[in-house]
Amino acid sequence: MRGESGINFTGLYICGAIAFLLLVLKLSVIDTWSWWRVLLPIGLFFGFAVTHIVVAFIYLSFAHIPERPDSDEAEILEPHTINAYYIAAMLFFVVFGDNMVRWIEGSDTSHWFWLFSGKGEVLTIFGSLCVLALFAYWSRIGRVLKKTE
């Protein structure tokens with residue numbers, strides 16, 4: 001769903017719906033969940049957006065990309081908007097966010113061995129992997145913008 005500004009709100013709507021579903025579950029069935037867990041989808045959406053913007057700003061500050069009209073850039077980048085690096089960065093950020101909630105809650109139980117343990121090492125690993133995947137995503141976009149003159 002695109003507004004007049006061209007901004008896509010679908011991800012926000014999906015995260016809001018998931019957060020609403022978790023809220024209903026917390027209030028009716030699963031009262032042991034913390035509010036951090038209920039608001040996790042919205043936090044993931046905004047946290048990933050901020051991380052993406054920061055990494056993009058850092059990459060584009062050092063990349064030497066030639067100037068061109070905005071309409072040309074949009075046309076060039078249309079087929080390259082989402083790729084495997086972007087999907088991997090989102091998955092790494094989801095694991096990072098879940099581990100952050102487990103770390104805040106102090107949860108000792110884990111159903112996925114070390115992957116969702118909430119330990120500081122796991123937070124560092126998946127946070128770093130998310131940032132590295134976003135840098136790989138932006139370097140691929142940068143290569144596309146540099147080679148098409």
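Bear in mind that the values in this text are calculations on the coordinates, not laboratory data. Bear in mind the structure is a predicted one, so any value in this text is a computation, not a measurement. Cβ placement follows ideal geometry from the backbone for every residue including glycine, while neighbour counts extend to all protein chains displayed.
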Could you work out how far apart the two model spin labels at residue 17 and residue 32 are, taking each label as a point 7 Å from the Cα in the direction of the beta carbon, and quote it in nm?
2.9 nm
Would you list which lysines come within 29 Å of residue 119, measuring only between C-alpha atoms, while excluding same-chain residues fewer than 8 positions from it?
26
Give me the one-decimal nm value for the distance between modelled label points at residue 104 and residue 91, 7 Å along each residue's Cα-to-Cβ direction.
2.5 nm
At a Förster distance of 41 Å, what's the computed FRET efficiency of residue 25 paired with residue 54, Cβ-Cβ distance as r, to 0.05?
0.80
